[in-house]
Amino acid sequence: MLALSQWERAQSVLADYEDLFSRSRSLQLQFNIALFVISLLIVGLVLWIALAVADRMVKPVSDLVHAAKRVTEGDLATRVPTTFENDEIGTLGRAFNRMTERLETQTTALITANEQLGSRRAFIEAVLESVTAGIISLDEKGEIRLVNSQAQSLLSKPIDDLLDADIGKAAPQFAELVRDGVENSIIEFASDSDMRTLAVKIVGGPTGHVITFEDITQQLLDQRRAAWSDVARRIAHEIKNPLTPIQLAAERLQRRFGSRMTEDVTVFENLTNTIIRQVGDLRNIVDEFSSFARMPKPVFRKENLDDVLKQALFMQDVAWPAITFNFISDEQPVSLVCDADNWGRPSPISSKMLQKQLSRKPNPAPISRFPMAK
């Protein structure tokens, strides 16, 4: 009986042990699960804290990167938040802000200066276009940097051929003056087959030269014309004085001796009529000569060419009595529209050609003047 009770007690102790062992394993599993969950929570919290700290540490650098991108896009008003801490990030942020502030200030100043330069340039161009003189600006290499429309007109070249062109090729006369250091000069400039007289003034500086020139061709012509008019009036006054006595003498010879002539009556009448007519023409020429120093205006009308030629031939016959002149013409009369009163005077074109020939030859040969019609 004692052994049976011991066995039963042993079985009871074994059952309690097994129950206690199963309960311990369950508690151990629950503890492991709880430990794993707690560990996961701790690790997550640590990661969150680490990320928060890292983000806080990296955020200033990220702000600098984004601010630098905005600056590269042209937003110079970009600033980054800074702290008063004396660490590297704070120092870098404050330096970045100072840099962008200076860039913004300098850029604003440059834009303002550029706008002022643009307005001044427009004003200068407007002034240059309004002046009557030609203006050319050269750099230190002698290339044209600025030219106004008046200079373009006087040089007779398109503005595209003048800008950035060498002054030696665009206007060799100006290049020679610049090379010789001449400040004021008067030159003859050929433009579109016309010879112009230009008054040139050159101002030099360390950055180049400014050439101003003006066409004084008409001014010189006006001065010459005024001087010629004054001299012509004086000469015409001296020429006009003997014309009246000559005309009166010819008319008196015609009245007094015309009826007494027995031989060469026609020649006498032609001579006296020629004297009276030529004196009248000279008087008209002198009147015009004294007033405007020019030949009288021609009056064109239909004339008989035979009559005009006979008159010219008669004048040559009187002037050259040693030469026998014969006049031969067709029976059919020929009409000519001309100024019979001015027949025999050299035309203005022939006078200019004669002056050019005389100016070119130092000792010109005698030139015979033949009658010609205007």
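What to note about this one:
- Note on the range 207-240: residues that are touching a residue at least 40 places away in the same chain (Cβ under 8 Å) and open to solvent by 70 Å² or more (accessible area, probe 1.4 Å) amount to 9.
- Test: residue in the range 104-126 that is open to solvent by 80 Å² or more (accessible area, probe 1.4 Å), touching a helix residue (DSSP H, G or I) at 6+ places or on another chain (Cβ under 8 Å) and either at positive phi or among the acidic types (D, E) (or both): no
- Filter result for I124 (hydrophobic (A, V, I, L, M, F, W, C) and either more than 13 Å from the chain's Cα centre (by Cα) or not in a helix (DSSP H, G or I) (or both)): no
- The residue of the range 61-86 that is modelled with the lowest pLDDT, among those that are among the small types (G, A, S) and assigned to a helix (DSSP H, G or I), is S62.
- Test: residue in the range 44-60 that is surrounded by 11 or more Cβ atoms within 10 Å (Cβ to Cβ) and either within 60 Å of the chain's Cα centre (by Cα) or among the charged types (D, E, K, R) (or both): yes
- In the range 92-106, the count of residues that are of a type in the set (G, A, S), touching a Pro at 6+ places or on another chain (Cβ under 8 Å) and part of a helix (DSSP H, G or I) is one or more.
- Yes/no for K141 being open to solvent by 100 Å² or more (accessible area, probe 1.4 Å) and part of a loop (DSSP other than H, G, I, E, B): yes
- A search for C-beta distances below 6 Å between a residue of the range 115-126 that is under 19 Å from S149 (Cβ atoms) and any residue that is small (G, A, S), counting only pairs 6+ apart in sequence or on different chains, returns nothing.
- Among the residues of the range 85-102, the ones that are surrounded by fewer than 16 Cβ atoms within 10 Å (Cβ to Cβ) and either among the basic types (K, R) or under 20 Å from M57 (Cβ atoms) (or both) come to 11 in all.
The values are calculated or read from the model by the stated rules, or taken from the named source; none is laboratory data. Please read all numbers here as calculations on a predicted model, not as lab measurements. Heads up, the Cβs are rebuilt from the backbone with ideal geometry, glycines too, and the neighbour counts pull from every protein chain shown. Note: accessible area is taken over every heavy atom of the protein model, side chains too, but ligands, DNA and RNA are not part of it. Shrake-Rupley method; radii C 1.70, N 1.55, O 1.52, S 1.80 Å.
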